[in-house]
Amino acid sequence: MPGFEVFGAEEKREIMDVLDTGVLFRYEFGDQRNGIFKVREFEEKFAAYCGSKHGQAVTSGTAALKVAMIALGIGPGDEVITQGFTFVATWEAIFDVGAVPVFTEVDETLNMDPVDLEKKITAKTKLIIPVHMLGAPARMQEIMAVADKHGIPVLEDTAQAPGAKLNGKALGSFGVCGTFSFDSVKTITTGEGGMIITDDENLWRKMSEYHDHGHDHAVNPGGRGGEGRSFIGFNYRMMEIQGAMGLAQLAKLDGIVASQQKNKAAIKEAVARIPGVTFRTILDEQGDSASFLGFFLPDAGAAAKVNTILAENGAGAIPFGSNTWHFYPKWEHLIAGSTLAQSGWPFNDAKGKRRVVYDADVLPQSAALMDRLLVYQVPVNLPEERLRQITEALNKAVNY
Ligand SMILES: *Cc1c(COP(=O)(O)O)cnc(C)c1O
């Protein structure tokens with residue numbers, strides 16, 4: 001998964017372009033910057049890579065979600081549907097714009113269950129956020145059909161799946177917009193950073209101005225500071241050094257995916273020998289970014305037993321069902337409504353009255369899957385001896 005594995009000379013060279021000019025900022029400094037606009041170039045190349053018209057770089061994947069939702073007009077009184085297996089960032093951003101997150105079940109894709117999605121739609125639903133977890137697609141065809149039927153826009157949280165495709169089309173390019181993260185553990189990294197892609201020029205202009213304090217981004221002969229603005233904004237600007245890193249990492253993305261596919265296949269072959277094992281549904285094997293390998297044991301007890309053997313032999317897998325950062329029932333601060341705000345916002349309304357309650361037990365279908373799920377993160381670089389260690393551990397788990 002992580003781009004940090006392939007961080008090297010190319011990143012340094014791109015960054016030196018920036019340091020040589022001394023212009024660390026994406027806007028202004030026209031005379032000094034020598035025509036170097038790394039963030040802008042990264043936006044253009046990333047969007048083109050995904051087959052989208054526009055890219056908007058921001059400071060993180062969480063900021064990308066927030067900026068996109070603001071530009072879509074989401075706010076207090078709205079409900080936003082996402083899935084119960086995702087990183088906390090997805091619903092943090094929903095709360096941060098004042099809306100209320102509603103969670104769906106996941107199915108064997110480990111992503112949004114379109115049948116449950118339709119059940120969760122209400123008159124307040126203003127946005128649907130499927131998440132392409134662990135490098136592979138949600139059922140976009142079915143999700144788009146439900147969304148279109150109800151006239152609700154779709155934002156794809158593609159933080160974990162740059163470079164992945166579904167039937168030849170880049171993930172993140174199915175809905176009205178798609179968001180990405182370039183944090184320390186993502187497929188490509190800029191240290192911290194995020195991106196939104198969209199074909200909608202009007203939406204992109206709103207995102208561009210909002211993330212830059214509302215500065216009017218129409219051509220302005222008077223220079224920066226003299227322009228007007230149409231709405232209040234915030235600051236989520238990416239730095240030139242991050243843009244430079246992004247360019248070098250983007251150039252490596254196809255190679256990263258190819259290595260991961262090869263390494264995933266090798267690990268999968270060994271996993272397949274475990275009796276009773278089944279694999280996560282991957283809707284498009286060719287388009288899989290192969291950042292992770294997910295597999296199910298027949299029940300929770302078997303999964304625990306197998307993982308104990310794997311861990312004892314130096315190749316423990318991630319039991320995402322008990323991971324406190326990614327699965328709904330484990331988000332105790334969400335369930336408890338813990339917040340720093342004295343009013344209790346966002347769980348309480350401005351008058352201190354509870355406006356939303358989360359019950360740990362409302363996603364039984366997801367729990368039944370997550371309890372018996374084990375996941376390997378697939379490295380970009382997998383030395384022979386490490387593969388041998390994993391294979392030997394898996395061979396020992398055959399008689400669990
Ligand atoms: C990493 C991640 C984010 C947030 O990205 P940051 O850049 O860390 O803010 C959002 N959604 C998902 C699914 C993620 O994995």
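Note on the chain: dipole from Cβ charges, positive end direction compared against Leu247, Leu19, Ala302; the farthest Cα belongs to Ala302. The slack between Asp254 and Glu384, meaning 0.36 nm per residue of separation minus the straight C-alpha distance, is 44.6 nm.
Which of Ile256, Gly77, Gly172 sits farthest toward the positive end of the charge dipole of the chain, with +1 on the Cβ of Lys and Arg and -1 on the Cβ of Asp and Glu? Comparing the listed Cα positions along the dipole, Gly77 ranks first. Of the accessible area of the chain, computed with a 1.4 Å probe over protein heavy atoms only, carbon and sulfur atoms account for 53 percent. Residues in the stretch 273-303, backbone N under 15 Å from the label point at Gln141 (7 Å along the Cα-to-beta-carbon vector): list them, ranges by number please. Flagged as within label range: 282-287.
For the stretch 149-230, trypsin sites (Lys or Arg not before Pro) are listed when DSSP marks them as loop and at most 12 other Cβ atoms sit within 10 Å of their Cβ; the list is Arg224. List the relative contact order of the chain as a percent without decimals, with contacts defined as Cα pairs under 8 Å and 6+ residues apart. RCO, the chain: 20 percent. Model label sites at Asn323 and Ala272, defined 7 Å from Cα along the beta-carbon direction, differ in position by 2.4 nm.
Within a straight-line Cα-Cα reach of under 18 Å, Lys124 can be paired with the following aspartates and glutamates, leaving aside sequence neighbours fewer than 8 residues apart in one chain: Asp78, Glu79, Asp96, Asp116, Asp148, Asp349.
Which one, His213, Gln141, Phe46, projects farthest toward the positive side of the charge dipole computed for the chain from Cβ point charges (K/R +1, D/E -1)? Farthest towards the positive end: Gln141.
State whether the chain is rounded, prolate or oblate according to the following rule on the C-alpha gyration tensor (a ≥ b ≥ c being the square roots of its eigenvalues): a/c under 1.5 gives rounded; otherwise a/b larger than b/c gives prolate, and the remaining case gives oblate. Cα axes put the chain in the oblate bin.
Beyond 22 Å between alpha-carbons counts as too far, so tell me which of Lys66/Lys169; Lys262/Lys330; Lys268/Lys305; Lys264/Lys396; Lys38/Lys264 fall in that bin. With Cα atoms farther than 22 Å apart: Lys66/Lys169; Lys262/Lys330; Lys38/Lys264. A simple spin-label model places the labels of Ala311 and Lys124 4.0 nm from each other, with each point 7 Å out along Cα-to-Cβ. Take the Cα of Phe25, step 7 Å toward its Cβ, do the same at Ala341, and the gap between the two points is 3.2 nm. At a probe radius of 1.4 angstrom, the accessible area of the chain per residue rounds to 42 square angstrom.
Taking the Cα centre of the stretch 97-187 as origin and assigning +1 to Lys and Arg Cβ atoms and -1 to Asp and Glu Cβ atoms, the resulting dipole is close to 280 debye. Rg/Rh for the stretch 255-399 stands at 1.11; both radii use Cα atoms, and Rh follows the Kirkwood definition.
The orientation-averaged shadow of the Cα convex hull for the stretch 1-129, equal to a quarter of the hull surface, comes to 10.6 nm². Calculated mean residue ellipticity, 222 nm, the chain: -11000 deg cm²/dmol, from DSSP H runs (n ≥ 4) at -39500 (n - 2.57) each, averaged per residue and rounded to 500.
Computed about its Cα centre, the charge dipole of the chain is approximately 340 debye, with only Lys, Arg, Asp and Glu carrying charge at their Cβ. When only Cα pairs below 8 angstrom with a gap of at least 6 residues are kept, the stretch 255-399 shows a relative contact order of 38 percent. Grab the beta carbon distance between Gln261 and Val356, set R0 = 60 Å, and tell me the FRET efficiency rounded to 0.05. It comes to 0.90. Rolling a 1.4 Å probe across all protein chains gives Val277 an accessible area of roughly 20 Å². Taking Lys and Arg as +1 and Asp and Glu as -1, the other residues whose beta-carbon sits under 11 Å from that of Phe347 total +2. Taking each residue as 0.36 nm, the span from Arg40 to Val88 lengthens on full extension beyond its C-alpha to C-alpha distance by 14.4 nm.
The values are calculated or read from the model by the stated rules, or taken from the named source; none is laboratory data. Everything quoted here is computed from the prediction, not taken from an experiment. Glycine gets a Cβ as well: all are built from the backbone with ideal geometry, and neighbour counts include every protein chain shown. Please note that ligands, DNA and RNA were not included when accessible areas were found on the heavy atoms of the full protein model with its side chains. Shrake-Rupley method; radii C 1.70, N 1.55, O 1.52, S 1.80 Å.
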